[in-house]
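Data first, discussion second: the structure below is written as structure tokens.
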Amino acid sequence: MNARPPALSIVRQLLTQRATELGFLAPERTEVQADAAIEQLLDREVVTPEATDEECSRYYALHPEQFSSGDLVSARHILFAITPGAPIPLIRAQAEKVFDEARAEPARFAELVGRHSNCPSSEHGGNLGQLSRGECVPEFEQALFETRATGVLPELVKTRFGFHIVAIDRRVPGQLVPYEAVRDRIAAHLYAAVQEKALKQYVQILAGRSGVQLPGVETPASPLIQ
């Protein structure tokens, strides 16, 4: 069995101690019993409110890019591939040098593709065709769709394959999905975010009471948690 990271072991110990204090857990217990007692403890002591309809609709209004379907982009790229043992700092430095050239003279993009790109698409000017969400690795997809910019994007894109200089030639925006169709998804997302914050606060308070310092976590001096 793999050992838990130190911070997780400390958190589990704090939760187990609290569950024992409240009588949820006997001093002699199994791992399974401890897990069940911790769940019971958190259900009782960490209250996570459900998101209201107003909060969900506000999130929907502020993040329309997350709720559109059918977005399309026509893109080209120059890939500086990373292979096992490759000198990454040198590759990045070369990518940044060519990136500066592409930003300064976008009309030379095809020329720069032919001279520098390690992708088979270099035979076609770096053209990746028309792309939709779900067709690329997440980090590349994020660069393509979480902006409305066209032309050479203002930053290098780092993926598992290497460094990319990306040019967006055309965007076809998708249709906004109706609020009613995504309301439950938004509520679940907001609930999970609030729950994570509440759990962190609860553990911080337990650590403060016990005089325990969690690595990288500041423990509050007092207050109660609702």
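The values are calculated or read from the model by the stated rules, or taken from the named source; none is laboratory data. Everything numeric here is computed off the predicted structure, so don't read it as measured data. Here Cβ is always computed from backbone atoms with ideal geometry, including for glycine, and neighbour counts include all displayed protein chains. Surface areas here come from the heavy atoms of the whole protein model, side chains and all, with no ligands, DNA or RNA. Shrake-Rupley method; radii C 1.70, N 1.55, O 1.52, S 1.80 Å.
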Exercise for the section: With a 1.4 Å probe and every protein chain left in place, tell me how much accessible area I82 has, in Å² to the nearest 10. Expected result: 40 Å²
Handout entry: Between helix 179-210 and the chain: long-axis angle, C-alpha atoms, 0 to 90°, nearest 10
Key = 50 degrees
Practice task
Convert each backbone phi in region 121-130 into a coupling constant with the Karplus relation 6.51 cos²θ - 1.76 cosθ + 1.60 (shift: θ = phi - 60°), then list the ³J(HN,Hα) values in order as whole Hz, x for Gly and Pro.
Solution key: 5, 4, 6, 10, x, x, 5, 9, x, 8
Problem - Mean ellipticity per residue at 222 nm, deg cm²/dmol - from DSSP H runs of n ≥ 4 across the chain, formula -39500 (n - 2.57) - result: -15500 deg cm²/dmol
Problem - Cα-based reach from K158 at 20 Å (exclusive), listing lysines while leaving out same-chain residues under 8 positions away - result: K97
Fill in the blank from the handout: If the chain between S132 and Q201 were fully extended at 0.36 nm per residue, the gain over the current Cα-Cα distance would be 20.9 nm
Exercise for the section: Note down the magnitude of the dipole of the chain about its Cα centre, charges +1 on Lys and Arg C-beta and -1 on Asp and Glu C-beta and zero elsewhere, to the nearest 20 debye. Expected result: 540 debye
Exercise for the section: Once you have the Cα-Cα distance between L8 and T147, take 0.36 nm times their residue separation minus that, and quote the gain in nm to one decimal. Expected result: 46.4 nm
Completion exercise
For the chain, the accessible surface attributable to carbon and sulfur atoms (probe 1.4 angstrom, ligands and nucleic acids excluded) amounts in percent to 54 percent
Exercise for the section: DSSP loop (so not H, G, I, E, B), at most 13 other Cβ within 10 Å: list which GluC sites (Glu not before Pro) in region 36-131 pass both filters. Expected result: E50
Problem - Point-to-point label distance, D43-S69, nm (Cα→Cβ direction, 7 Å offset) - result: 3.6 nm
Handout entry: Size of electric dipole in region 6-140: Cβ of Lys, Arg +1 and of Asp, Glu -1, about Cα centre, debye, nearest 20
Key = 640 debye
Exercise for the section: Under 1.5 on a/c is rounded, so check that first for region 1-117, then, if it is not, pick prolate when a/b is larger than b/c and oblate when it is not; a ≥ b ≥ c are the square roots of the alpha carbon gyration tensor eigenvalues. Expected result: oblate
Exercise for the section: Multiply the residue separation of R160 and Y179 by 0.36 nm, subtract the distance between their alpha-carbon atoms, and state the gained length in nm to one decimal. Expected result: 3.4 nm
Fill in the blank from the handout: Rounded to the nearest Å, the spacing of the alpha-carbon centers of region 163-208 and region 92-108 is 33 Å
Exercise for the section: Taking only protein heavy atoms into account and a 1.4 Å probe, give the accessible area per residue of region 36-109 in Å². Expected result: 57 Å²
